[in-house]
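Just passing along the structure, written as structure tokens.
The values are calculated or read from the model by the stated rules, or taken from the named source; none is laboratory data. Treat the numbers as computed from the prediction; the structure is a model and nothing was measured. We place every Cβ from the backbone using ideal geometry, glycine too, and count neighbours over all the protein chains shown. Only protein heavy atoms, including side chains, enter the accessible area calculation; ligands, DNA and RNA are left aside. Shrake-Rupley method; radii C 1.70, N 1.55, O 1.52, S 1.80 Å.
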Amino acid sequence: MTRTDSKVIDGKAAPRGKYPHLKRAGDFLFVSGTSARRADNTIAGVEIDPLGTPRLDIRVQTHAVIENISDILRSAGAHLQDVVEISTYLVDMNDFAGYNEVYGEFFGYDGPARTTVAVHQLPHPHLLIEIRAMAYKPLK
């Protein structure tokens, strides 16, 4: 990547609009809002019972989102420890405890600054969470 560059990452769910997965601006990397959607457009943390009722798991979705962010950062030579700020969007604040538990598996008190807010909905009814991130990774 150059000083200012954008990337859509192969093997990841395609953006649902005309925006990149990752934008570099100097020494900063900006990861667009990322969900638990897979490249084949299925969603991690969704099970459909025999009657067609979805069961959604915030823990599985949170894990998948953070792993997706990690993969996106790796494409630019960065890692989760380079993340300096995270904004999380939850559809239901009742999912906060499960999200927070999984988040703590990846980050500690020395991790990124964080904001978590509730939103009315995300682009698919099975999505419980979306996270955007900013990382600091100086160009060499």
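Can you give the relative contact order of the chain as a percent, counting alpha carbon pairs under 8 Å and 6+ residues apart?
Once normalised by length, the contact order is 30 percent.
Where Rh is the Kirkwood radius over the Cα pairs of the chain, the temperature 20 °C and the viscosity 1.002 mPa s, what D in µm²/s does Stokes-Einstein return?
139
List nothing, just return the count: lysine pairs in the chain, 8 or more apart or interchain, with Cα separation under 20 Å.
Going through the chain pair by pair, I get 7.
Between Arg16 and Asp49, what is the FRET efficiency for a Förster distance of 22 Å, r being their Cβ-Cβ separation, to the nearest 0.05?
The value I calculate is 0.25.
Keeping all protein chains in place, calculate the accessible area per residue for the chain (probe 1.4 angstrom), answer in Å².
Numbers: 7850 Å² over 140 residues.
Accessible surface, normalised per residue, equals 56 Å².
Given only helices, namely DSSP H runs of n ≥ 4 each adding -39500 (n - 2.57), what is the per-residue ellipticity at 222 nm of the chain, to the nearest 500 deg cm²/dmol?
Value at 222 nm, helices only, nearest 500: -6500 deg cm²/dmol.
Going by average Cβ neighbours within 10 Å, how do the peptides 84-93, 102-111 rank, with the highest at the top?
Output ranking for 84-93, 102-111: 84-93, 102-111.
Enumerate the whole-percent occupancy of each 5 Å bin, from 0 to the last occupied one, for all C-alpha pair distances of the range 57-98.
Taking all Cα pairs of the range 57-98, the binned fractions are 5, 20, 26, 22, 16, 8, 2, 0 percent.
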